[in-house]
Amino acid sequence: MYLLNYFYFIIITGFGIKFLFQRAGKVRHPLNKEQMLSFDGPELFWTLTFSTGLLALSAPGALDLMAIRLLVLESLCLIGLFVVKRKPVWSAVSIFYLLYIAWLLIGLSYSPAPSYGFRIILKYLYPLCIMLFASAVVRDGEVFLKAGLYARWVAVVCLIFAVVPGIGILVPGVFWYSTASAIHFISMCIFSLALFYHSGHKKINFYLAILFMIPCILWVFRTSIMGTTLALMVFFFFRYKLKSIPVIVGCLFLFIITIFFIPSIKEKMFYKNDNKSIQTLRSGEISIDDINSNGRFAMWEWSLNKFYQNRELYGTGTGNLQETFYALRHPFGTIRICHNDYVQILCDNGIIGIALFGGSFLFLIFHCFSVYQDKRYGIAVHICAITAGASSAGTLLTMYTDNVINYTMATLSYPCGFYGMMLGLIVGTKMKKDVV
């Protein structure tokens, strides 16, 4: 069954190349199925690429199909920047992120594991490629909405195969792992919620937003539960500003309720949970020693002591920590990732790496907030802004307890994709009317 993924890869890549270089094609309007629209080649390619990021197309063997697909997509996006007749939109976000990529490249010069460093650079490069390509291609609300709705449809299909017993074996390796899918659902949840508030309160969007919150609870994924909670809090702050404080407090309360009143989550959260309750939390009787980190705290401490201490500014080189874990040269058994992207950045690229990476996404969130509050922009721009800003915050939090960048096609690239579309729509906002 895994062999089919090679076939799927060839088909999707073939259509991507065809779309990118063709003059134009017809698609149905995202809101009116009887109306046909004309998309140019890069717009068709963007719609296909953005909507299929949740497809991992993994296959066992020496040939790493996922890595090949990532390299192919990055190459096509970069080529596409020369094909599309419109220029990419640069901002403080993309400039800071480009500086971060440059610093990762510098990190290769002193890395003892340059091959692993190159793979890490490819993973971090993809969100920038997506951001720049989207900013160059997307000028019309129809293109944004078509790409976003198709991506959500793929997410719904993935969710069906993931939760319905037995049918997942029909598509082995087609979708990303449940860990990556749960983080991807954060962006889809926020996108659906944004559509609900900005497109006439259609109930289907609200129901889908709720639907995308459920998997992280069913699968007992604390990382994506935290990420979803923070994304919702940022979403409501964008929308209501200081008036959102009661809602934000309500989100925090629901998060605490989830931890203490859902047995599976409570059991996974604490070492000894029989006497853990909201009352013990209020009285300060719960400490960090009570939290079951599955060895994460020890891994982080060991990694920082070995690769960060005395090299705080620049680290030990891009890819060094990942190579150490992949080679199992650590005291933590067969674990191959340290489950913290920030620890990995600190160990590999030091404080400079963290400052450039973190700074780029802080700029992104603040820029999205500013754009969302600007009444000159239409609905499509506002949906992109609030989706990019809120889902970025949620995804950034998940990077604290997981190596999210390993699933970059399904995770970090989506907030960056929405941000890139926002930049493109701002440029085209005076040329076209809003369609949402």
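The values are calculated or read from the model by the stated rules, or taken from the named source; none is laboratory data. Here the structure is a predicted model, which is why all the values come from computation and not from measurement. Here the Cβ positions follow ideal geometry from the backbone for every residue, glycine too, while neighbour counts run over all protein chains shown. Please note that ligands, DNA and RNA were not included when accessible areas were found on the heavy atoms of the full protein model with its side chains. Shrake-Rupley method; radii C 1.70, N 1.55, O 1.52, S 1.80 Å.
Brief remarks follow.
- Index of the failed condition, THR49 passing every other in (1) open to solvent by 80 Å² or more (accessible area, probe 1.4 Å); (2) in contact (Cβ under 8 Å) with a residue 12 or more places away in the chain; (3) in a helix (DSSP H, G or I): (1)
- Among the residues making up the range 292-304, those that are assigned to a helix (DSSP H, G or I), without any contact (Cβ under 8 Å) to a residue 60 or more places away in the chain and not hydrophobic (A, V, I, L, M, F, W, C) are GLU301, SER303.
- Residues that are touching a residue at least 12 places away in the same chain (Cβ under 8 Å) and either of a type in the set (S, T, N, Q) or open to solvent by less than 10 Å² (accessible area, probe 1.4 Å) (or both), drawn from the range 11-41: THR13, GLY16, LEU20, GLN22, SER38, PHE39, GLY41
- Count of residues meeting criterion [open to solvent by less than 10 Å² (accessible area, probe 1.4 Å) and either acidic (Asp, Glu) or under 20 Å from TYR97 (Cα atoms) (or both)] in the range 362-385: 5
- Which listed residue, of PHE270, PHE297, is open to solvent by less than 40 Å² (accessible area, probe 1.4 Å), touching a strand residue (DSSP E or B) at 6+ places or on another chain (Cβ under 9 Å) and under 25 Å from ILE335 (Cα atoms): PHE270
- Any chance LEU44 is in a helix (DSSP H, G or I) and either within 25 Å of THR411 (Cα to Cα) or touching a Leu at 6+ places or on another chain (Cβ under 9 Å) (or both): yes
- Scanning the range 174-207 for residues that are touching a residue at least 24 places away in the same chain (Cβ under 8 Å) and either under 18 Å from TRP219 (Cβ atoms) or among the β-branched types (Val, Ile, Thr) (or both) yields a total of 17.
- Exactly one residue out of PHE260, PHE253 is surrounded by 12 or more Cβ atoms within 10 Å (Cβ to Cβ), part of a helix (DSSP H, G or I) and at negative phi: that is PHE260.
- If the condition is being open to solvent by less than 10 Å² (accessible area, probe 1.4 Å), part of a helix (DSSP H, G or I) and either without any contact (Cβ under 8 Å) to a residue 40 or more places away in the chain or not β-branched (Val, Ile, Thr) (or both), then the range 403-422 contributes SER413, TYR414, PRO415, CYS416, GLY417, PHE418, TYR419, GLY420, MET421, MET422.
Results for (1) at pLDDT below 95; (2) closer than 25 Å to THR318 by Cα; (3) among the basic types (Lys, Arg); (4) under 26 Å from the mean Cα position of the chain (by Cα), shown as yes or no for each residue.
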residue	(1), (2), (3), (4)
ILE12	no, no, no, yes
TRP46	no, no, no, yes
THR52	no, no, no, yes
GLU74	no, yes, no, yes
LYS85	yes, no, yes, no
TYR100	no, yes, no, yes
SER111	no, yes, no, no
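- Pair list, Cβ under 9 Å, 6 or more apart: the range 262-275 residue charged (D, E, K, R), other residue at pLDDT below 85: LYS266/ASN273; LYS266/LYS276; GLU267/ASN273; LYS272/ASP290
- Positions within the range 305-334 being aromatic (Phe, Trp, Tyr) and assigned to a loop (DSSP other than H, G, I, E, B), in sequence order: TYR314, PHE332
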